[in-house]
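Values quoted throughout were computed directly from the atomic coordinates according to the rules given, and no laboratory measurement underlies them. These numbers were taken from a predicted model, which means no experiment stands behind them. Backbone-built Cβ (ideal geometry, glycine too); neighbour counts: all protein chains shown.
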Amino acid sequence: MLHKLIRFSLTQRLFVGILTLAVMALGLRAWLELPVDAFPDISPTQVKIILKAPGMTAEEVEQQVTQVIETELLGIPDQEMLRSTTKYAITDITLDFREGTDIYWARQQVNERLANVRDSLPADVSGGVAPMSTPLSEMFMFTVENPQLSLLERRHLLDWEIRPALRTVEGVADVNVLGGFARTYQISPLPPRLAQAGISLAELEQVIRDNNLNMGAGRLALGNDNLVVRTEGRIDSIEELAQLVVKVDGARIYRLGDVAEVEIGHLARYGAVTRNGEETTEALIIALKNSNTARVVDGVKAKLAELEPTLPAGTRLNVFYDRATLIDRAIGTISSALVQAIAIVVVLLALFLGNLRAAIVVSLSLPLAALATFFLMSVAGLSANLMSLGGLVIAIGMIVDSSVVVVENIVTQLARKQSLPRLHLIYRACKDVAVPVVSGTVIVLIVFSPLLTLTGLEGKLFTPVAVTIVFAMFAALVLSLTVVPIIASLLLRDDAARIPAWVLGLQQTYQHSLERVMQRPRYLLLFFVALLLLSVVTFLFTGKTFMPVLDEGDIIVQLEKSPSISLAASVALDEQIERALLQRVPEIKQIVARTGSDEIGLDPMSLNETDIFMELQPAQQWRFASKEELIDDIRAVLLEYPGINFGFTQPIQMRISEMLTGSSGDLSVKIFGNDIAVLAGLAERVAHIIREVPGSVDVQTSTIDGGKFLSVDVHAEVAQRFGLSTAEFARYLKSRLEGAQVSEIIEGKKRTPIVFAVDPASSRALATVAALEQQLMVMPDGSQAPLYELAEVGFREGPVLVERERGNRFAVVTSNVTGRDIVGFVEELGATIAQQLQLPTGYSLAFGGEFENQQRATRNLLLVIPAALLLITIILFTTFGSLSRAALILGNIPFAIMGGLIALFVSGEYLSVPASVGLIALLGVAVLNGVVMVSYFEQTRLSELDIRARVIQGSARRLRPVLMTATTAMFGLVPLAFATGPGAEIQKPLAIVVIGGLFSSTVTTLYLLPLFYFYLERRGRG
Amino acid sequence: MIRNSLAALLLALLFAHGLRAQELQLDALGAFELVFQPARPVQNYPGQQVAAAVTYRQGEAFIVPSPGRVQQIAYLVEPGAAVRQGQPFAVLRGPEMHHFEMAYDSSRALLAGAERRYQANKGLYERKAISESQWLEISEKYYALSLEHEHMRHFFELVEEGDNDPDALTLTAPLSGVIDYSPAPGGVQEGDSIAQFVPDAAIRLEATLPNRLRDQVIALQWGACEPAVERVSAMTEGFFVRVWSVPLAPACRPLLGQQLLVTPLLAVRGAYSLPRSAVFQLQRQTMVLVRDGDRLRPLAVTLLGARGEDYVLQPAADLGDREVLVSSVSAVQGMLLGLGGE
């Protein structure tokens, strides 16, 4: 079959050429149209429910909403995790589905179950399934700046001008609006006036609802026409609202303005946004899952450019987060590494081949293979991101291998100047090496197959790497057997086989050294054994971690303040810290801080929580050489502000951590149990223990208890005398405190809620418990009574946060780990906790976070790698028909791993998933080199009977291909190993391992393999 | 006894230790902006707004009764208007007006006759020339006519002179004040009020307050006006008690009958005013942080009410002129709760 393919290609050169051009064109188009993002989509199939229950405490929401829904959701098939976070007035329930579950099916299931329990939820509960987004969907953020506009006006602009426009952009799932004041038409009922007029609050509400509507009354036939009859009562303006007649008592007409103050107000605030120490408003664009982030960002930018001139004069949209920047930088890093790798490989090929035409023939396979890979990526639905493009960079050195083998054999055949047609000679040359080329590529493909079995985050990150490598290798293989022979037939001359002088010199030197080694092998063997032992030692001392942290460019500091803090006090503290940071850390370009919850509820932080987002100046303007030093400087400033917990993270890192574990941090310790107070106590003790373990930083305990509530217990016997139910009582109080929506005014596209509320800044606002007790309540019969006569007001304490996993409450302690590996840290921590902490009955403890991922990745790899090795052994055995030959080649693997581990240790990198992937890649390359060497020894078995001469001469002859494959693979990764841009962090350990391993395995291939082959042959002959 | 004393001593020591444990060195507050402010003593604080009416107490108005049935009254001023003494305020019309005048003239003539008769018979009676019963009859007649005439005279004192229309009487205000009238639908009968005149000094506010405030309220405030509360009813009406202010000064005198929303001012002793930002919750108590040299000491307070941006509060111990932390208080609260750092 292979022969037919080669023959077809050489006989149908024009057709294959056109086909190649077509594939190239498709590849080019695919490159231009591939979805571009910084990361692959790492989110599981996840459905989130966000429900708001105004006025309800965390415990009430948990009992009446969260538990009810969780019980219903537990029946949905294919779910992997059900967790929830319940806070004051809001609950977030997250359902992770099994890998591969269709997101639309999952959402439908959740929607159906939610609909089943809707009626059993409290009446005021609103919300539902959250937009179809991922943790990486927050890809564009900006604030609205205009000193001439109030926060209310800026928020109104965002809500009704900017947000609707941005939602029309393709790929935008939603626009989350934060900060400022959401405008309302505020009705502040005056209880004494209501009492004088004899109107209850419920009646007032009903009157407003009944009158603020247009209704159709049917149709009136007028001759041959039909006219629609409608009654119009909708209120169009605040003036009209104030004039609404609420009661007619004889000649007395009471209008709304007589019994209440009607004014422009705002909804109760659950959060705020500050920029550089001053309050502002923010919009956060959320992209749809599976959308093309780069294109969505472009669309958003275009829409904003279109909008900006139409906004009030002086309005500036201050973009402080643009995912496109990260994408550009990350893709730029990888693209730059790719271009450099191609250039290096081309130079190496030219040097080794000593013939420009031959080098061009081989080099042409690089862009062609890359374009074909892009085409295959587009067919497979892969996006261009750090990982997939990183896979291509890794493959660059190996892509040329098959072409090198083919071209080298072609030039050798041509040099023999046989009296056969040129095309036939090329055909014969290709046919001779077709099987080894295919088997070599298959070995590499098998080597990378374990990556396809990775699950979780590591699977989502490294599957694109493996798939891209597979695509690239496959494309390179096909090209080497089809297009490369054609190009060779057009470009190569008969004298192309001349070996460059420097390679000849190298061969001679190598041959002499190999002869010496074979005479006295003891020292070399001892040296390699010592190195092998050294690598074991370095392995023990090398830190282990899950994944290197990608430098996203920006920094987020998370603050946690006293749990009962008010929004105003929380913002006041934030502003102080922001000003200090801006003043003392000039590397910070601007700060945008978000306190409390967002509008949609995707990230329902409490009022005591703040995310301080820092946009940094270009690194060239920094006083520090690294970001770690900058973070230390920021940390020093933050440490001057006691009484506030803080931790460092980055925009994507924060969301990924929250997505994976529901909390952020390298390590999370979850304590499961039922009693909130006990959980809080245990969490504190665990946090204390963690702080004592070296390497722990940013240790934080989620504050779950300490919530303070004012409890108003209605005296039913008194209230009922006036016909006042507890529900009406609560509604009345809500209208005085939080505000209660009654109706809305529609002005064009703008909908402004009409609410019963009291301006918090007015003298009528309830500011103390005493004022609450004296609050006059208007009864259903229009009479009034002070609240203290109807109810008892008292203080209560309760949880501020209830977190649950699979229906069980838990408290979480998170920690980042610095200066040591996570695995070692967790082992030490586990031992310390076991020694110092006795858990009560019914309470348990679990470690999570990145540590969990690392453990899972290790388990998966330890299962799959042996299987891959077995497959390789089978292939080798099939190729050589000898188990000893196969073992000889496989024996090179420990030496390859040895080099990788030593390089990792020397470079100071940790053993992480990317490093492990590098070690896997080494298996293939090490085996390939061995195959190249041993296959030649076997080929010359009959032509050279003296074993020593066969081995030495064979090794010298195979020096060039071995060095070519090794150096192209090694030097192809050098740009990645030395890259400094964002994204380089993840690929760097991989490149270092492969470079180190290739170096050691090449040396062992050149010296130890011939030596052991010699011993093997000699023993075989008896 | 000894055991009890030891227990008390132990409790006192524990309490003192608890307070000391909560004290903080100012240095420990790091770079936080620390603003201190002395607490301002206050004598009263505002309660929740209530309804009040501008009114007068029963009996404080001057009533002009009608001497007879009146067919038509044309009021010259609107109810609630301020009038001067002698200012025409109503014109009574109808044939009865002529009869009133005739009745007045006849009463005057009859009285003159009766007086002559009385004087003439007085000497006879003193001389015992007439009997006791005859003298009694003459006297009764005289005094009855005199009383009747005086009634008529008082009414006609209010009638403006110079009106030539025999069917109309123009009435003038008996005193300066605010006129109030509300004629019955069936017209004015003899003895009915034609109008009431409320002297300026009788106009005051009347409000109903929650019973709990009856001993505390000292004034009713709206806008810049703050009339003191003069009387508090000794009876309650449901959950409320009725209070009256002192007569309203001219600068603070809305229209009679006007309904107002007023804020009762409640008297308090040992209270202070502090910015709201000074107050925080700790261990189920409301606290402020008092500066004590280079230390901060939490002090329990009771919040009474709010005035503008300030709270009115009563501290557990006298604040005197000591300074209280009014900024970054939540950070200190965090420190006391054990928050802070990484």
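Take every Cα pair under 8 Å whose residues are at least 6 apart in sequence, average their separation, divide by the length of chain A, and the relative contact order is 17 percent. Once the Cα atoms of helix A:726-736 and of chain A are each reduced to a long axis, what angle between those two axes, in degrees from 0 to 90 to the nearest 10, is obtained? Helix A:726-736 sits at roughly 80 degrees to that axis.
Could you grab the Rg to Rh ratio for the stretch B:62-198? Cα atoms only, Kirkwood for Rh. All intermediate terms of the calculation are to be shown ahead of the outcome.
Working: Rg = 18.7 Å, Rh = 16.6 Å.
We get a ratio of 1.12 for the stretch B:62-198.
Relative contact order, whole percent, for the stretch A:650-769 stands at 12, derived from Cα pairs under 8 Å and 6 or more residues apart.
Using the alpha-carbon atoms, what tilt in degrees (0 to 90, nearest 10) does helix A:984-1021 show relative to the longest principal axis of chain A? On a 0 to 90 degree scale, this one is about 30. Within a straight-line Cα-Cα reach of under 28 Å, A:LYS4 can be paired with the following lysines, leaving aside sequence neighbours fewer than 8 residues apart in one chain: A:LYS417, A:LYS431.
In terms of the mean number of neighbouring beta-carbon atoms within 10 Å, the peptides A:508-519, A:996-1007 order highest first as A:996-1007, A:508-519.
Residue pairs exceeding 26 angstrom between C-alpha atoms, taken from A:LYS561/A:LYS670; A:LYS289/A:LYS460; A:LYS544/A:LYS589: A:LYS544/A:LYS589.
For the stretch A:604-663, what ratio Rg/Rh do Cα atoms give with a Kirkwood hydrodynamic radius? Provide the component values of the computation, followed by the final result.
Numbers: Rg = 13.7 Å, Rh = 13.6 Å.
Ratio value, two decimals: 1.00.
Sequentially through the stretch A:846-853, phi angles give Karplus couplings (6.51, -1.76, 1.60; θ = phi - 60°) of 9, 8, x, x, 5, 4, 4, 5 Hz, Gly and Pro residues having no value and appearing as x. Tally Lys and Arg at +1 and Asp and Glu at -1 over the other residues with C-beta under 14 Å from the C-beta of A:SER388: what net charge comes out? Here the count lands on -1. Derived scalar couplings between HN and Hα for the stretch A:344-349 equal 4, 5, 4, 4, 4, 4 Hz in order, rounded to whole Hz, by the Karplus curve 6.51 cos²θ - 1.76 cosθ + 1.60 (θ = phi - 60°), x for Gly and Pro.
With only the Cα atoms considered, the stretch A:283-422 has a convex hull volume of 158 Å³ per residue. Note on A:561-567: average number of Cβ atoms from other chains within 10 Å of each residue's Cβ is 6. What the phi angles of the stretch A:10-16 give under the Karplus curve with 6.51, -1.76 and 1.60, with θ = phi - 60°, is a coupling list of 6, 7, 10, 5, 5, 4, 5 Hz, glycine and proline written as x. For the peptides A:409-417, A:387-395, residues were scored by their other Cβ atoms within 10 Å and the scores averaged per peptide; the highest-first order is A:387-395, A:409-417. Amide H to amide H, with H built 1.01 Å from N, A:MET779 comes under 5 Å of A:GLN784, A:ALA785, counting only residues 5 or more places away or on other chains. For the segment B:240-248, counting C-beta atoms of other chains within 10 Å of every residue's C-beta and taking the mean gives 1.
Look at the stretch A:568-576: the mean tally of other chain Cβ atoms within 10 Å of its residues' Cβ atoms is 4. Could you give the angle, 0 to 90 degrees to the nearest 10, between helix A:293-307's Cα long axis and the longest principal axis of the Cα atoms of chain A? Taking the Cα atoms of chain A, the angle to A:293-307 is about 40 degrees.
Scoring B:267-280, A:927-940 by mean Cβ neighbours within 10 Å over their residues and listing the highest first yields A:927-940, B:267-280. Under 18 Å of direct C-alpha separation, and excluding same-chain neighbours fewer than eight residues apart, B:LYS141 reaches these lysines: B:LYS122.
Set the Förster radius R0 to 30 Å, insert the Cβ-Cβ distance between A:ASP432 and A:ARG493 as r into 1/(1 + (r/R0)^6), and round the FRET efficiency to 0.05.
Step by step, r from the Cβ atoms, then E = 0.90.
Annotation: the protein assembly as shown has a Kirkwood hydrodynamic radius of 39.1 angstrom, from the mean reciprocal C-alpha pair distance.
The Cα atoms of the stretch A:86-126 define a convex hull whose projected area, averaged across directions, is 3.6 nm². For the stretch A:554-627, the relative contact order is 42 percent, taking Cα pairs closer than 8 Å that sit 6 or more residues apart in sequence and dividing their mean separation by the residue count.
For a 4.7 Å threshold on C-beta separation, the list of partnerless cysteines in the protein assembly as shown reads A:CYS430. Taking 16 Å as the straight-line reach from the Cα of A:LYS708, the aspartates and glutamates in range (excluding those fewer than 8 positions away in the same chain) are A:GLU59, A:GLU60, A:GLU797.
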